[in-house]
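To start, the structure itself, in structure tokens.
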Amino acid sequence: MQKTKDALLEIGTEHLPARFIASTLEQIRTRTRKILAEKSLKCKDIQTLGTPRRLTLILLGLEEYSEPMIQYAYGPKASLLKDNQGNYTPQAIGFAKAQGISVEELEVKATSKGELLATKKSQPGISALKIPPNLFLSILSSLTFPKKMEWEETHIQFVRPVRNLLALYGKKKILFEWAGVKSGTKALGVLSTGNKTISIPEVSRYLTLLKNRCLLIDPEQRKEAIIQGLDQTVKKFGYHWLKDPELIHEITFLTEYPTPLLGQYSLKFLKLPRQLLLTVLKKQLKLFPVLDAQNQIQPYFAGIRDGISEGQKEVQEGYERVVEARFSDAAFFIEKDHRIPLTGMREKLKKVTYHSSLGTMYQKSERVIALTAELCDHLDKANNIDSSLAKQIAELCYADLVSEVVKEFPELQGTMGGEHARLSGLSEAIAHGIQDFYKPTASGNDLPQDTEAAIVSLAGKLDSIVGNYVVGNIPSGSEDPYALKRQGTGIIRIVLEKNIPINLKQATAKAHELVLENLSGDATQEQKEATGAVWFFLWDRAQTYFEEKGYTFDEIEAINTFDENDPTPQEYPIENLLKTYRKLRALHDIRKQPEFNSLVLIFKRASNILKQNNYIPNGSNSNPQLFCEEAERTLHENLEKVRALVSNKLQEEEFIESLKIMVALKEPLDDFFNKVMVVVEDKDLKENRLKLLHNLVGLFKSIADLSKLQA
């Protein structure tokens, strides 16, 4: 058994953006695992740790030598080993000589190019001391970031300038140079102590020595220290703090040695809207609100400072001054906004440009009002939609964008609109609808609570997507600066999860019509045809939603039965998205039945026959008088029975029950293919049999195209 030692790489940098650290550590782990496998070098575990000023890789139990590797050298084709007389050919002899072996030692190996002559060579293991320099350099060079910097003459790029490299294998120093920095045996120290380095004599002492110098480089330890520290600090006062997972994660990667503190602010600020208080504390100042047993905000905040607790009182007072100042600003903005009613704010939207080609925010607001009215008109009365309420929400949903508070705190758009609506004497339903207008603001977030607010939210998102497509702001790959994918997913979620039976194809067309009316200048042909691209975009968002719900790719493909080459009227899947989703669920459930798989195979055969013959139906039904085989009569009779049985069920969208009934066609269809030749010389007979198969395939395609299902 080989001896093992631990290996260590610390990349000391200038302050890293907190949002990049966790993903970079995962990259390091993935790259290391891959490179070790390529070099046949084993270790017991790969550990990655990081702070704002260092990225650390520890290889626990790295073997001293790599595994011996077997390599093959390939030569001419195996058929050239011997000639017809059984003698070795010149090609075989030449290849063996070049490899330094006798021709008798040649082997025959199967490759992607066929059987070749080959020779096996064993490459001995490489010392681990020779591997880390290349391993560490490979890792450093392979890391990618959304943004990079270049700071030295070799023009190497990294997320932030690299200032120190620590590299050890057990007690031995690993020597290499990267970005103008030579590796050594010292780690970066604490910034507040003048950035003095810390000597690391061996890998096993690294974590302890850093901890003794007030450096917790394990993110999980820092996270636990943050939670426990704040728990103990706030508990002393009989309160608890608002545990925001995202903020905890961010602070974990903003600190190297978190120290808790508790501060307070003036009681008068509790009169400010709750969401405003939370936004100032959490978003702007990275502080945690303090709550009582009833979850009411108290005039305290919990925070984390980076470093030891010396001068804690002064640090606390500094935080308190900043909090007081920010809340004073917020109170000033609120007081200023309250002088203008929400309707007055809406008038100011006439001076706010939405887009140079799409007009002002006021014009956008008018489009959303018109689209909201259109959506309400198209919904059944059974949905009990209050059109008047929806219109009022639509009129005021953008008004708070010109408020002083939202200018200072953009995260509060909608929220402050609701607050101003209440102060303006409007109903709670209108205020709540305005607050819900932008929802969902992220994947998995809450949807608008009331149907009227959901409809206005749909209208706003559709207008944004269509407008951006018209002016050419189309998302591509990971580039989506206008968050159209998020808004598209929001539309899909609202329709499906709020059960709103809106025809998205018609709604998109109406949104497009309204956008073109506001378009500056004459619309180009491409702008006039933008709706098609939006339909495909929304269907793509729907497919992503379905996949996240656990449906397979082929199931999603199967329920999209739209074929642009088919002249018969068809329904695009987003026209009735609720119906499409019910079909998908039915197909997913029926697929679990064993007999369904064999039915799919027979269906594919029928579908392929129609495609191979480029069949276009002439008339609706096959003619029973032309049947001359009992199997085709039986199939026709069973098809008519099944069609009659599922007719009402399809109208009622009982798709799972319909598919269960359709499964009964398996046996007669199987018998038909065993006994009946479809493609015969008699044109009338051939046409009649193709028509029979077309009717059967069409019945199934009223739910799904089974030919798209994979085995």
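The values are calculated or read from the model by the stated rules, or taken from the named source; none is laboratory data. Note that the structure is predicted; figures quoted are calculated from it, not measured. Every residue, glycine as well, gets a Cβ built from its backbone with ideal geometry; the counts of neighbours run over all protein chains shown.
Annotations for the structure displayed:
- Checklist (1) closer than 16 Å to PRO668 by Cα; (2) free of Cβ contacts under 8 Å to residues at least 60 places away in the same chain applied to ARG605, failing item: (2)
- Considering the stretch 636-677, and only residues there that are outside any helix (DSSP H, G or I) and without any contact (Cβ under 8 Å) to a residue 12 or more places away in the chain, the residue that is farthest from SER598 (Cα to Cα) turns out to be GLU652.
- Filter result for LEU215 (among the aliphatic types (A, V, I, L, M), touching an Asp or Glu at 6+ places or on another chain (Cβ under 6 Å), part of a strand (DSSP E or B) and in contact (Cβ under 8 Å) with a residue 60 or more places away in the chain): no
- For ASP386, the stated conditions do not hold, so it cannot be described as of a type in the set (Asp, Glu) and buried (at least 24 other Cβ atoms within 10 Å of the Cβ).
- Only one of the numbered conditions (1) more than 23 Å from ARG689 (Cβ to Cβ); (2) in contact with a Phe, Trp or Tyr (Cβ under 9 Å, 6 or more places away or on another chain); (3) charged (D, E, K, R) is violated by GLU632, and that is (1).
- Set side by side, the residues GLU681, GLU687, GLU640 differ, and just one is assigned by TED's automatic domain parsing to the domain that holds ALA586 and at pLDDT 90 or above, which is GLU640.
- Of all positions in the stretch 201-210, at least one carries a residue that is farther than 21 Å from ALA22 by Cα, loosely packed, with under 13 Cβ neighbours inside 10 Å and assigned by TED's automatic domain parsing to the domain that holds THR51.
- Candidate set: the stretch 79-95, residues that are touching a Lys or Arg at 6+ places or on another chain (Cβ under 8 Å) and not in a strand (DSSP E or B); chosen: the one modelled with the lowest pLDDT: ALA92
- Flag if ILE602 is more than 15 Å from MET677 (Cα to Cα), among the aliphatic types (A, V, I, L, M) and surrounded by 17 or more Cβ atoms within 10 Å (Cβ to Cβ): no
- Residue identified as of a type in the set (Lys, Arg), in the same structural domain as LEU699 (by TED's automatic domain parsing), surrounded by fewer than 16 Cβ atoms within 10 Å (Cβ to Cβ) and at pLDDT 85 or above among LYS583, LYS611: LYS611
- The listed residue being in contact with a Leu (Cβ under 7 Å, 6 or more places away or on another chain), assigned to a loop (DSSP other than H, G, I, E, B) and without any contact (Cβ under 8 Å) to a residue 60 or more places away in the chain, out of PRO448, PRO440: PRO440
- One residue from LEU379, LEU342, LEU371 being among the aliphatic types (A, V, I, L, M) and modelled with pLDDT of 95 or more: LEU371
- Residue match in the stretch 94-108 (condition: surrounded by 18 or more Cβ atoms within 10 Å (Cβ to Cβ) and closer than 30 Å to GLU152 by Cα): no
- Note on the stretch 331-380: among residues that are in a loop (DSSP other than H, G, I, E, B) and of a type outside the set (D, E, K, R), the one that is surrounded by the fewest Cβ atoms within 10 Å (Cβ to Cβ) is SER356.
- Of all residues in the stretch 502-545, those satisfying the criterion of being in a helix (DSSP H, G or I) and among the hydroxyl-bearing types (Ser, Thr, Tyr) are THR508, THR531, THR544, TYR545.
- Residue that is more than 19 Å from ILE502 (Cα to Cα), not small (Gly, Ala, Ser) and not in a loop (DSSP other than H, G, I, E, B), where the choices are ILE474, ILE434: ILE434
- If the condition is being at pLDDT below 80, more than 37 Å from the chain's Cα centre (by Cα) and of a type in the set (A, V, I, L, M), then the stretch 96-143 contributes ILE126, ALA128, LEU129.
- Looking across the stretch 277-322 at every residue that is among the polar types (S, T, N, Q), surrounded by fewer than 16 Cβ atoms within 10 Å (Cβ to Cβ) and within 24 Å of PRO245 (Cβ to Cβ), the one that is nearest to the chain's Cα centre (by Cα) is identified as GLN284.
- Some residue of the stretch 512-520 being closer than 19 Å to GLU575 by Cβ and out of contact with any Phe, Trp or Tyr (no Cβ under 7 Å at 6 or more places or on another chain): yes
- Test result for ARG213, more than 13 Å from THR56 (Cβ to Cβ), modelled with pLDDT of 95 or more and over 36 Å from the mean Cα position of the chain (by Cα): no
- Test: residue in the stretch 406-422 that is outside the structural domain of ALA331 (by TED's automatic domain parsing), of a type in the set (Phe, Trp, Tyr) and modelled with pLDDT under 95: yes
- PHE596 among the aromatic types (Phe, Trp, Tyr), under 18 Å from ASN560 (Cα atoms) and in a helix (DSSP H, G or I): no
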